1. Can you tell me which residue within the range 95-109, out of those that are outside any helix (DSSP H, G or I) and free of Cβ contacts under 8 Å to residues at least 60 places away in the same chain, is farthest from A45 (Cα to Cα)?
2. Within the range 139-146, is there a residue that is over 25 Å from T243 (Cα atoms) and either among the acidic types (D, E) or touching a strand residue (DSSP E or B) at 6+ places or on another chain (Cβ under 8 Å) (or both)?
3. Checking R199 against (1) modelled with pLDDT of 95 or more; (2) basic (K, R); (3) under 20 Å from the mean Cα position of the chain (by Cα): exactly one of these is not met. Which one?
4. Taking the condition in a helix (DSSP H, G or I), of a type outside the set (F, W, Y), in contact with a Phe, Trp or Tyr (Cβ under 9 Å, 6 or more places away or on another chain) and farther than 21 Å from G287 by Cβ, does L182 pass?
5. If you scan the range 147-196, which residues turn out to be under 14 Å from the mean Cα position of the chain (by Cα), closer than 24 Å to V25 by Cβ and of a type outside the set (V, I, T)?
6. Residues D172, D207: which one is under 26 Å from E284 (Cα atoms) and among the acidic types (D, E)?
7. Only residues that are of a type outside the set (D, E) and crowded, with 23+ Cβ neighbours inside 10 Å: list them for the range 57-69, please.
8. With R31, R19 as the choices, which residue is over 28 Å from Y122 (Cβ atoms), charged (D, E, K, R), assigned to a helix (DSSP H, G or I) and more than 21 Å from the chain's Cα centre (by Cα)?
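The values are calculated or read from the model by the stated rules, or taken from the named source; none is laboratory data. Treat the numbers as computed from the prediction; the structure is a model and nothing was measured. Note that we place each Cβ from the backbone using ideal geometry, even for glycine, and neighbour counts take in every protein chain shown.
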Amino acid sequence: MRSEQTLPVSLSALQGPLRGRLDGVQAELRRIVAADFGLITEVNAHLFRMQGKLFRPTLLLLADEATGGPDPRCETLGAVIELIHLATLVHDDSVDHSVLRRGLPTVNSLFSHQVSVIMGDYLYSRAVVELVRLDDLEPLRIIGRVTNDMTIGEMRQLLSHDRLSFDEAAYDLLIRSKTASLLAGACEVGALGAPAEHRAALARFGDALGMIFQIVDDLLDYTEDEAVTGKPSGLDLREHKVTLPLIAALPRLSEAGRRDVNALMRTEQPDAAQVARVIQLVTEAGGLDYARVRAQQFAEIADAELDRLPPSPARESLRASITYVLERRS
């Protein structure tokens, strides 16, 4: 990557030139999910309190402006992408029995698992209604493919019974479908009016950026505490999820180290000492360093794809987003 992109990049700096359009995305979100039904209104209010930073709509709008926009449909499409993201979080929290998301109670812990599942379905269905209302098959085709990929990714994770045989190829396949597919879809939908080669380059950029995003997310589980991330540290290990740092460390562990990892995986509710021990083992075996190298490799791929686009401030903001994702702490 270019040396000038080694400086820290904030999301607010990326979003500054888009503030008016992002306000439009937020207004569209509220319009789309509004319902004259008490429980839905109550859950919606909670979801908006725990809503994220609109990173995926930001990528969509930047892709639009890097390929000749603004396209007035993109505020609605950005809201649709964010709705799908919210729906997956609601369902994920229910599947994982998570109690916190960004420091706030999850829908399933505040209401119920039944409400959580139905609310996720409601968000998906509202997104589909909006796509149909646009009367254009192309965004519907892209987002339909993305949601299918994400669902299959969740199934892959559920069916991974032998945790410690989960290898890097399987991990890549999982996070490409679960995480990268939505970022790739956001970038591609933002470039619907672009020449085919530019649209394809942005889809590949989003895919690589999504791979970085998930690898960094998995690293944060090992390196940051709850006060920073808004969820308990070591949560993946507590939930017996095998991510890239552990995958990379396992072949380098001693027999005693592997026994400690196996013990954690066999324990229904690992305690803090077990989690801390495995984090120490993974760190000492170079698992975190390996994951950082892989993230950097995907950063180089994402950066190269942007060179296929014509120069513009939006293209350079997309380039800066690579640094933002690499360096984020929450």
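1. H97
2. The answer is no, given that none of the residues of the range 139-146 is over 25 Å from T243 (Cα atoms) and either among the acidic types (D, E) or touching a strand residue (DSSP E or B) at 6+ places or on another chain (Cβ under 8 Å) (or both).
3. So the condition that R199 fails would be (3).
4. Judged against the criteria, L182 is not a match.
5. D149, M150, K178, A180, S181, L182, L183, A184, G185, A186, C187
6. The match here is D172.
7. Of everything in the range 57-69, those that are of a type outside the set (D, E) and crowded, with 23+ Cβ neighbours inside 10 Å turn out to be P57, T58, L59, L60, L61, L62, A63, A66, T67.
8. It is R19.
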